[in-house]
Amino acid sequence: MEYIDNMPLMDLMRSEKMTFVQLIIPAESAHRAITYLGQLGLLQFRDLNAEKSPFQRTFVNQVKRCVEMARKLRYFKDQIHKAGLLLPPLPASQPDTELEEIEIQLAEHEHELIEMNANSEKLRQSYNELLEFKMVLQKASGFLVSSSSHTTDREIELDENVYSNDNHGDTASLLEQEMHSELSNQSGVRFISGIICKSKVLQFERMLFRATRGNMLFNQAVADDEILDPSSNEMVEKIVFVVFFSGEQARTKILKICEAFSANCYPVPEDTTKRRQITQEVLSRLSELETTLDAGLRHRDKALTSIGYHLTKWINMVKTQKAVYDTLNMLNFDVTKKCLVGEGWCPIFAKTKIQEALQRATFDSSSQVGIIFHVMDAVESPPTYFRTNRFTNAFQEIVDAYGVAKYQEANPAVYTIVTFPFLFAVMFGDWGHGICLLLGALVLIARESKLCSQKLGSFMEMLFGGRYVLLLMSIFSIYCGLIYNEFFSVPFHIFGDSAYKCRDATCSDAQTVGLIKYKDPYPFGVDPSWRGSRSELPFLNSLKMKMSILLGVAQMNLGIILSYFNARFFSSSLDIKYQFIPQIIFLNSLFGYLSLLVVVKWCTGSQADLYHVMIYMFLSPFEALGENRLFWGQSVLQVILLLLALIAVPWMLFPKPFILKRLHMERFQGRTYGILGTSEMGSDDQPDSARERAEEFNFSEVFVHQMIHSIEFVLGAVSNTASYLRLWALSLAHSELSTVFYEKVLLLAWGYENIIIRLVGLAVFAFATACILLMMETLSAFLHALRLHWVEFQNKFYHGDGYKFMPFSFALLADDED
């Protein structure tokens, strides 16, 4: 025991020792002190104003200012992004700027940008209108000229029809009215010209036809240029239209429909000279507006570039200042309103660093009063803090996803670093597939510095975060693949020749029949001659199934042993005597004995039926084993182990609740007479001793909890051992899938002489290997290994009901995208 107590402490085995501290900070040095603590990042503040709303806190105005500045900075960032400019890298050194100066500069820049954008939007709107007017003039001129030529050709026919028929106004077609409008104004044919988005033109024409009951002529032409939409900042294709109609009522309807479909109407004179004159004026104004717009864009880009040079620094400064004021809002003023009082948790090793930072803050703020830093006692449990690096962080996150360790509780991540990738490899064992995973992991690790600074997608970010987990999983997969002797399901004679050879010269198929063992076993892993033989599946099933049981029992024993170290660390002798000892006895009396039988059978080459041995150990414990006996004294040992397993169940169930009740009664012995309270005395006014006595020991609740825990362990010992058979099942599934793809796809395609069939077969094999075996099977094995650690391993000792140490640190500030 002394050797165990003197073992060196591990950084990951137990969380860092924490201490509860109180800070009394003069008001003049509070801001600088909190800033220095944020740069240090080793102190977690406790909110002393939790009952107050955010608007009732002391520094709410400063927080509002920071929020407003953050909004302006996001506006600048969006404007830079829309302009297509790149943010310049942060200069190595920039002069420090006060927050008030930044606030003034941001207000000036925002006002300038808003004014420039408003002017640019007006100019862009005028430019778009003139551009549309130009295209309408060009296209509508073609329609009007075409109408004039048709009028000349049919002038005589129209004259005869008009003057010979008195009811011409009722029977003439709209086309005839349009063509005669050049000769006479009596018909009243008019037109409306404009421009509309191409996506709306079909519905627009249909609506015009229905509104005018077909008494209109709709001409359209595609606009020569696309027009920039200011709202979406995208180029939009438009259609120029000219609608010929008759009557004031039809004109009103058409204009309303144009307004409903956001079609812009422009007046086009019928006179060719006027159209030409207006076109020249429009072109002249367009040229002027283009020059003005270009000058405005250059001026705005110059202003945005100037802002972008300081933007990153401003964002970081505003973010840190907001965090400082949010932290200051967690502190309380003392009675004199001259000092701020704060409380929090920090690791013991960080006390010296925190004190140095506070002394530096006092000196830099020229305060006459120093900051008081002293340790206090705390009622609540401290937070959990593990110091991790790039390699161990991913494994710690796997454990924390189940639950954060209780303070100073044994950390499963220490063992997960080895056991997790190993159990994954047992299910995924193929050294060809392992090499593929290894190459992917090495690529991620080689580009680590580059990928750290990039914003990755959710899947890629998860994959990059687990790059070292992937590295170990691939290495262990190569190791297990060498044991299984599988390279994309193909066996290789890597470690020498097979231990089997053909029985005689007439042996025609050495892969399936007539093999005999002629020398020592294959030196490492499975003999390649098993592949393709009739005994391959029974042999590998037996091997992997028994190996799964051995690995499962070993890991569950490790979990129970860790519960002993937890109980010893927390000085809980009850848990050692009435939890650890009966649990280790029960598990090993049954499944430890099964593991022993598996090892003995492998070593002796016995043909005993282990199913029969384990079943009749319960049904007929005194019956002779006969041919199933593996060693001398096995029958007596089975009876002893069965009795120990039966004794272990009440050992776990009954003593602990009764001992806890006795300890509770001894603790309150002599305190049974409390202060006699009056009827006006409430529960809050009672002294502590009276309140403690009021909290009676609930024996039934403790007993039920212990009974549930005992039943859960007894049943879990069976179900958890069976759960480890997933190692066998997934390993078999992976091997068989790999064999199917190799034999039924690659070899089948290679049997043809056609090069195209071979290439297609190779492509299908590569796709199936990459998508099914390297992606789906990897994910499946990962999830099953995760379950084995969370449920079968960690439930033996790990409570996971702690909370993580979250220090106030500028380095941990997340990007605020809201």
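Of note:
- Of the criteria (1) in contact (Cβ under 8 Å) with a residue 60 or more places away in the chain; (2) in a strand (DSSP E or B); (3) under 21 Å from Lys122 (Cβ atoms), which one Phe244 fails: (3)
- If you filter segment 268-278 down to residues that are touching a residue at least 24 places away in the same chain (Cβ under 8 Å) and open to solvent by 60 Å² or more (accessible area, probe 1.4 Å), you find that the one that is nearest to Phe241 (Cα to Cα) is Glu270.
- Segments classed as helices (runs of 4 or more DSSP H), wholly inside segment 404-476, with at least 1 members that are open to solvent by 40 Å² or more (accessible area, probe 1.4 Å), farther than 30 Å from Ser563 by Cβ and hydrophobic (A, V, I, L, M, F, W, C): 431-446, 448-452, 458-465
- Of all residues in segment 236-256 being touching a helix residue (DSSP H, G or I) at 6+ places or on another chain (Cβ under 9 Å) and charged (D, E, K, R), the one that is surrounded by the most Cβ atoms within 10 Å (Cβ to Cβ): Lys238
- Answer from Phe395, Phe386, Phe373 - the residue that is farther than 30 Å from Val414 by Cα and either touching a residue at least 60 places away in the same chain (Cβ under 8 Å) or surrounded by 13 or more Cβ atoms within 10 Å (Cβ to Cβ) (or both): Phe373
- Among (1) in contact with a helix residue (DSSP H, G or I) (Cβ under 8 Å, 6 or more places away or on another chain); (2) closer than 20 Å to Gly481 by Cβ - the single one Gly716 does not satisfy: (2)
- Index of the failed condition, Asn541 passing every other in (1) farther than 20 Å from Trp728 by Cβ; (2) exposed (fewer than 15 other Cβ atoms within 10 Å of the Cβ): (1)
- Within segment 218-235, restricting attention to residues that are touching a residue at least 60 places away in the same chain (Cβ under 8 Å) and either among the hydrophobic types (A, V, I, L, M, F, W, C) or within 23 Å of Ser141 (Cβ to Cβ) (or both), the residue that is most open to solvent (accessible area, probe 1.4 Å) is Asp224.
- Only a single item in (1) farther than 17 Å from Ile560 by Cβ; (2) open to solvent by 20 Å² or more (accessible area, probe 1.4 Å) is not met by Ala608, and it is number (2).
- Filter result (out of contact with any Phe, Trp or Tyr (no Cβ under 8 Å at 6 or more places or on another chain) and part of a helix (DSSP H, G or I)) within segment 645-664: Leu646, Ile647, Pro650, Leu653, Phe658, Arg662, Leu663
- Per-region count, segment 317-348, residues at pLDDT 90 or above, open to solvent by 40 Å² or more (accessible area, probe 1.4 Å) and of a type outside the set (A, V, I, L, M): 4
- Meets criteria (open to solvent by 100 Å² or more (accessible area, probe 1.4 Å) and either more than 24 Å from Lys796 (Cβ to Cβ) or not in a helix (DSSP H, G or I) (or both)) for Glu623: no
One line per residue, one yes/no per condition, for (1) touching a His at 6+ places or on another chain (Cβ under 7 Å); (2) within 13 Å of Lys134 (Cα to Cα); (3) in a loop (DSSP other than H, G, I, E, B); (4) not charged (D, E, K, R):
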residue: Leu208; (1), (2), (3), (4): no, no, no, yes
residue: Phe218; (1), (2), (3), (4): no, no, no, yes
residue: Asp224; (1), (2), (3), (4): no, yes, yes, no
residue: Thr252; (1), (2), (3), (4): no, no, no, yes
residue: Glu259; (1), (2), (3), (4): no, no, no, no
residue: Pro267; (1), (2), (3), (4): no, yes, yes, yes
residue: Arg275; (1), (2), (3), (4): no, yes, no, no
residue: Ser284; (1), (2), (3), (4): no, yes, no, yes
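- Cβ separations smaller than 6 Å between residues 6+ apart or across chains give no pair from segment 595-606 residues that are on the phi < 0 side of the Ramachandran plot and among the β-branched types (Val, Ile, Thr) to residues that are at pLDDT 95 or above and not in a loop (DSSP other than H, G, I, E, B).
- Residue check, Leu630 closer than 22 Å to Ala554 by Cα, outside any helix (DSSP H, G or I) and open to solvent by less than 30 Å² (accessible area, probe 1.4 Å): yes
- Members of segment 196-217 that are touching a Phe, Trp or Tyr at 6+ places or on another chain (Cβ under 9 Å) and either open to solvent by 90 Å² or more (accessible area, probe 1.4 Å) or of a type in the set (Lys, Arg) (or both): Lys200, Gln203, Phe209, Asn215
- Yes/no for Glu108 being modelled with pLDDT of 90 or more and in contact with an Asp or Glu (Cβ under 9 Å, 6 or more places away or on another chain): no
- Criterion violated by Arg57 - all others in (1) under 12 Å from Asn332 (Cα atoms); (2) of a type in the set (Lys, Arg); (3) free of Cβ contacts under 8 Å to residues at least 24 places away in the same chain satisfied: (3)
- Residue within segment 536-544 that is under 20 Å from Phe428 (Cα atoms) and under 38 Å from the mean Cα position of the chain (by Cα) present: yes
- Number of positions in segment 319-359 that are under 18 Å from Lys52 (Cβ atoms), hydrophobic (A, V, I, L, M, F, W, C) and touching a Phe, Trp or Tyr at 6+ places or on another chain (Cβ under 9 Å): 5
The values are calculated or read from the model by the stated rules, or taken from the named source; none is laboratory data. The model shown is predicted, which means the values in this text are computed figures rather than measured ones. Every residue, glycine as well, gets a Cβ built from its backbone with ideal geometry; the counts of neighbours run over all protein chains shown. Areas reflect the complete protein model, heavy atoms only, side chains present, ligands, DNA and RNA absent. Shrake-Rupley method; radii C 1.70, N 1.55, O 1.52, S 1.80 Å.
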